[in-house]
Structures are given as structure tokens and as C-alpha cells.
Amino acid sequence: MRPMKALHCLLLLLCIHAATASRPARLTVREHLSRFRETAAARSLSSTWDGPLRSRILNPIEYGADPTGAGDSSDAFMQAVADAYSMRRGLELLPGISDLGGVVIDLQGGNYNISKPIVFPSGSGNLVMQGGTLRASPTFPPDGYLIDLQSPTSAPNNYHYEDITFRDLLFDSSYVSGGLHVLDSVRTRVDNCFFIHFSTRGILVESGHETFVSNTFLGQHVTAGGDPLERNFTGTAIELASNDNVLTDIAIFSAATGVVLRGQANILTGVHCYNKATFWGGVGVLVSLPGLGQTRIDNCYMDYTGIVLEDPVQVHITNAFFLGDANIVLKSKNGKVSGLNIVDNMFSGSNKGVPIVHLDESGGAFRDVNQVVIDRNNVNGMALKASVARSVTRAQGSQWVFDFSPVLVFPNRIYDVQYSLYLEGSAFTMHAITDVLNNTVVVRSANPVDAVVSMVVDQNSMLGEQSPFLSKNTS
């Protein structure tokens, strides 16, 4: 048995020696760095070749960008962008926009300092930039943006970019500039990005349509709320001066204004605004397209900052949560509200009597009001406002007065009244509505009776519809 054991040990030692001898020697850090530089140089040389095997993943470091942020990387990025654009092969998306095949500019997790905007060539399409940080230097132009999709020639309905994607990027504007500017672009995506320290706007979209921003955080100052300098916050996180855009799953944690909408048919869903409290003059969402809103705001969280609608037309707000006396302000520009739905929302306040919907008629009274439904909202610690009001009372007498002015949104405006008068036993008396004025309704009976009177009034009217009470209410 002992010779067999010795033989086994000898075989085991031989196997270990063979495995060790075949294993490559471990590289030092210097050797790793030397190999990386050799590979980068080879890639840089190959990137100038116009052959079919050219890589479609471009690394700005290979163009001279400094991933530590110590040096300026502006020119390197512009070379990488130009190289990406040179990969066009005659294929197009929309007319005049080259299909670049999904070429990727990968920042490799670097932290890059830039002194001028990275401008994408006009006619770029199907391109991705991802995975790193762009930071403005102190000399960055104050009216510029870290990344700028802007053609030298711009005309209505003339598109210059399509299918451009920005993902997993941090835009740090260093309090001197904006973050991202998108002009005359269609089907642009901004996903899983972080915008901070902007002095003007985090994201500005002009003309074009269908820019989708999702899973993104924006804030002028890096804070988690309750910042002692909140009253000094400035800037706008997102401004959409174009149509058909979508904001989804976004948090805006500091800015004077969270979202400004100056275009039609935009959608906000899952947007959390705690950018600056209304108390300090902040606005969560401003719909600034008087007379033509066409906006849907669904399932958003207005955290101590509210929504302002200027002459809203076809605006729908639903399933939202308003905290800390945040409310909705209807601001008159030309005195028009049409097609406004504010339904199924939750409001929570501090018992200071703040109305959930407030009229700002400093620019003139609202006189053109139709198709307005403000109803089915639940309220805690704020004053309920609605376009529909209900009341039930039981009293003995011949007159019943219902004052709905504390609830109804618009003053002196009732379009429809329905009521019932219930008498117990076999008693019967004639009764009727005798007055509708100042959002107050009066019911009288021919004889004093013990009755239960219930009533519903509605301020909603269809377009062009006139209420028989209107002339009396508005006189």
C-alpha cells in the first residue's frame, strides 16, 4: 500500500507542476497600461480606415479625451462625433437624415471637462451616446448647452435629426450653462440620465416632436429636499417648446420651475416635482400655451409645488398627488378655459384653507368657459373646489337656500340645476326654484312643510351652449 501512495503523490505533483507551467505570467499594472495604449493606438489607426470592418463603438479617450477631467476634452469629442457621422453609407431615415447604423459613442465611465458645446452634425440619425460624465469648464459659454442638436439652418417642419439616444450620462453644467438642447429633431430619447448645476435649463426641446425623456433626475442644486437655500433656486429643469413629447418617471429636485410646456400634445406621467415650494415662488409644471394646451398630466407627484395653467384648452390632469398645499392655478391671459378635466386626484395640505384649484384673474376675468369638469377629487387639509356641487338639507319652512359659492370654482356661473323635494306622509305642496344668483340657489314652496331637499349644480357646459341662468349670473 505504501508504494501505491507514493506513486499517487508523485502523479499529483506532476499535475500541479504542469498546470503551473502552462499558466501565463500575471501582468503588472504598467504592463496592463502599456497593452491598453497599444490597443488604443491600433484602434485609432483603424478608425481612419473606411472599410467594412470598421468599429461602430467609438471611445473618446482614443481621440485624446481626458477621462480624469484634468484636461479639456472638447476637441476630442467633436472629432469622435465627426467620425461617427462619417460612417454614413447612403441610407436614410427621414429625407436628408443619414442612418448611421446605431453607431455608439461610449464615454467608458469617464469624467470629461469641456469648454464648448458638443454639436452634432445636421442630418445625423440612429446614433447613441452613453456611459459617462460631461462637465462644463468655467469658460463654457453661458448661453450654451453641453450637448447641442442644432442645425445652422432651421425652418418649421424641417427636421435635421432623428433617432438620437442619450443614456446613462451625467450632465454637469457647473452653474454656467444648460445641459441638453434639442432642435428640429424627431424621435429623440433621453434615458437614465442625471442633470445638475444648470444655470438656464437642464433640457430644452424646440420644434420637432417625439422627444422621450425617461428614468431621469434633474436639479440645479444637489439636494434631497428641505434645502435652506431653496428660496434662491433658479432655472428650469425641462422646457418643451415642441409637440408630442413624453416625460416618464422623472424626479426634479431643485429648480425655480420644474417643467415648462409651450407645445401641444405633450404627456407627463410619473413625474415627481419637489423643485421649489410654491411658498417660495416655485412652480412644478407650467402649461404656457394660452388657448391651445392639449396636455395630459397623469399619475404625477406635486410635492409642495403646484401646476399653473394659462388659459387651458384641452388639458387633462388625473391620478396625481398634491402634497403640502400644492394646488392647481388657472391663470387668465385672454379669459378662456375649454376642455379642462381635473378629476380623481388627491390633495393634502396644512389646514390653512388653500383651495385645490385657484383662479388667478389678475389678467382679466374668465368669460369664455366651457367643457370644464373638476370633480371626484379627495381632499385633506385643503379647501375643496369643483365644477359640480351637491347638498342635502332637511328643514321645516317654505324656503331653502343653497349657497355653493365656497365650493364652485368659477364665480356667478351655474349652467344646470337639479333638485328634489321629499315629503313624508300624504302631504303635498307646490314648489319651485325661484332664484339662481351668485352661485346660490333658492327653492320655495307654496306652504310651510317639513321636507328633505337635495340639489346638484353644475358649471359645465358644452361648446356654444347657453344656460338660462347665465345672463342673470354674469350681469
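The values are calculated or read from the model by the stated rules, or taken from the named source; none is laboratory data. None of the values given here were measured: they were computed from a predicted structure. Cβ: placed from backbone, ideal geometry, glycine included. Neighbour counts: every protein chain shown. What goes into the accessible areas is simple: the full protein's heavy atoms, side chains included, and nothing from ligands, DNA or RNA. Shrake-Rupley method; radii C 1.70, N 1.55, O 1.52, S 1.80 Å.
Hey, could you check segment 414-434 for residues that are more than 10 Å from Val457 (Cβ to Cβ) and assigned to a loop (DSSP other than H, G, I, E, B) and say which is most open to solvent (accessible area, probe 1.4 Å)? First the steps, then the outcome.
Kept after step one, since they are more than 10 Å from Val457 (Cβ to Cβ), are these residues of segment 414-434: 420-434.
From the residues that got through so far, the ones that are assigned to a loop (DSSP other than H, G, I, E, B) too are 424-430.
Details: Glu424: 107, Gly425: 75, Ser426: 119, Ala427: 60, Phe428: 166, Thr429: 5, Met430: 137 Å².
Here the residue is Phe428.
Only a single criterion out of (1) buried (at least 20 other Cβ atoms within 10 Å of the Cβ); (2) within 16 Å of the chain's Cα centre (by Cα) is not satisfied by Phe194, namely (1).
Arg390 passes every criterion in (1) open to solvent by less than 50 Å² (accessible area, probe 1.4 Å); (2) assigned to a strand (DSSP E or B); (3) closer than 24 Å to Asp344 by Cβ apart from (1). For segment 311-328, a residue qualifies if it is open to solvent by 30 Å² or more (accessible area, probe 1.4 Å) and assigned to a strand (DSSP E or B), and the qualifying residues are Gln314, His316, Phe321, Leu323. Scanning segment 256-289 for residues that are open to solvent by 30 Å² or more (accessible area, probe 1.4 Å), within 19 Å of Leu330 (Cα to Cα) and hydroxyl-bearing (Ser, Thr, Tyr) yields one hit, Thr278. Quick check: anything in segment 351-363 more than 30 Å from Thr434 (Cα to Cα), at pLDDT 95 or above, in contact with a Gly (Cβ under 6 Å, 6 or more places away or on another chain) and surrounded by fewer than 14 Cβ atoms within 10 Å (Cβ to Cβ)? Looking for residues that are more than 30 Å from Thr434 (Cα to Cα), at pLDDT 95 or above, in contact with a Gly (Cβ under 6 Å, 6 or more places away or on another chain) and surrounded by fewer than 14 Cβ atoms within 10 Å (Cβ to Cβ), one finds at least one in segment 351-363, hence yes. What is the one condition in (1) open to solvent by 40 Å² or more (accessible area, probe 1.4 Å); (2) free of Cβ contacts under 8 Å to residues at least 40 places away in the same chain; (3) not aliphatic (A, V, I, L, M) that Thr200 does not satisfy? Failed condition: (2). How about segment 96-105: which of its residues are open to solvent by less than 10 Å² (accessible area, probe 1.4 Å) and among the β-branched types (Val, Ile, Thr)? Ile97, Val103, Ile105, listed by residue number.
Which residue is farthest from the chain's Cα centre (by Cα), if the candidates are limited to segment 301-330 and must be charged (D, E, K, R) and more than 22 Å from Arg231 (Cβ to Cβ)? Please lay out each step first, then the result.
The initial filter retains those residues of segment 301-330 that are charged (D, E, K, R), namely 303, 310-311, 325.
Now narrow it down to the ones that are more than 22 Å from Arg231 (Cβ to Cβ): 310-311.
Details: Glu310: 18, Asp311: 20 Å.
If we take residues in segment 301-330 being charged (D, E, K, R) and more than 22 Å from Arg231 (Cβ to Cβ), then Asp311 is farthest from the chain's Cα centre (by Cα).
Is it the case, given these coordinates, that Glu210 is among the acidic types (Asp, Glu), modelled with pLDDT of 95 or more and farther than 20 Å from Gly258 by Cα? When the stated conditions are applied, Glu210 does not pass them.
All conditions but one from (1) free of Cβ contacts under 8 Å to residues at least 40 places away in the same chain; (2) assigned to a strand (DSSP E or B) apply to Gly226; the one that does not is (2). Would you be able to say whether some residue in segment 196-208 is in contact with a Pro (Cβ under 9 Å, 6 or more places away or on another chain) and more than 28 Å from Thr139 (Cβ to Cβ)? For segment 196-208, residues in contact with a Pro (Cβ under 9 Å, 6 or more places away or on another chain) and more than 28 Å from Thr139 (Cβ to Cβ): present.
On the stretch given as segment 296-306, residues that are over 17 Å from Ala256 (Cα atoms), open to solvent by 30 Å² or more (accessible area, probe 1.4 Å) and assigned to a strand (DSSP E or B) total 2.
Hey, among Gly339, Gly293, Gly263, Gly353, which residue is part of a strand (DSSP E or B) and small (Gly, Ala, Ser)?
Numbers: Gly293 fails: part of a strand (DSSP E or B); Gly263 fails: part of a strand (DSSP E or B); Gly353 fails: part of a strand (DSSP E or B).
Exactly one residue qualifies, and that residue is Gly339.
Return yes or no: is Thr216 within 13 Å of the chain's Cα centre (by Cα) and modelled with pLDDT of 95 or more? Yes, satisfied.
Please pick out the residue among Val457, Val449 that is in a strand (DSSP E or B) and at pLDDT 95 or above. Step through it out loud before you land on a result.
Numbers: Val449 fails: at pLDDT 95 or above.
After ruling out the rest, the residue left standing is Val457.
The set of residues in segment 106-132 that are surrounded by fewer than 23 Cβ atoms within 10 Å (Cβ to Cβ), free of Cβ contacts under 8 Å to residues at least 40 places away in the same chain and in a strand (DSSP E or B) comprises Asn126, Val128, Gln130, Gly131. Summed over segment 245-255, residues that are out of contact with any Cys (no Cβ under 7 Å at 6 or more places or on another chain) and surrounded by 18 or more Cβ atoms within 10 Å (Cβ to Cβ) total 7.
When restricted to residues that are touching a Lys or Arg at 6+ places or on another chain (Cβ under 8 Å) and over 19 Å from Thr278 (Cβ atoms), segment 337-362 contains 2. The residue that is most open to solvent (accessible area, probe 1.4 Å), counting only those in segment 71-95 that are within 16 Å of Phe140 (Cβ to Cβ) and assigned to a loop (DSSP other than H, G, I, E, B), is Gly71. Look at segment 267-294: where a residue is farther than 20 Å from Asn319 by Cβ and of a type in the set (D, E, K, R) and a partner is in a helix (DSSP H, G or I) and open to solvent by less than 50 Å² (accessible area, probe 1.4 Å), sitting 6+ places away or on another chain with Cβ atoms under 7 Å, you get Lys276/Glu230.
Looking across segment 374-421, the residues that are on the phi > 0 side of the Ramachandran plot and either touching a residue at least 60 places away in the same chain (Cβ under 8 Å) or not basic (Lys, Arg) (or both) come down to Gly381, Gly397, Asn412. Might you let me know whether segment 232-239 holds any residue that is open to solvent by 10 Å² or more (accessible area, probe 1.4 Å), within 13 Å of the chain's Cα centre (by Cα) and charged (D, E, K, R)? Within segment 232-239, one or more residues are open to solvent by 10 Å² or more (accessible area, probe 1.4 Å), within 13 Å of the chain's Cα centre (by Cα) and charged (D, E, K, R).
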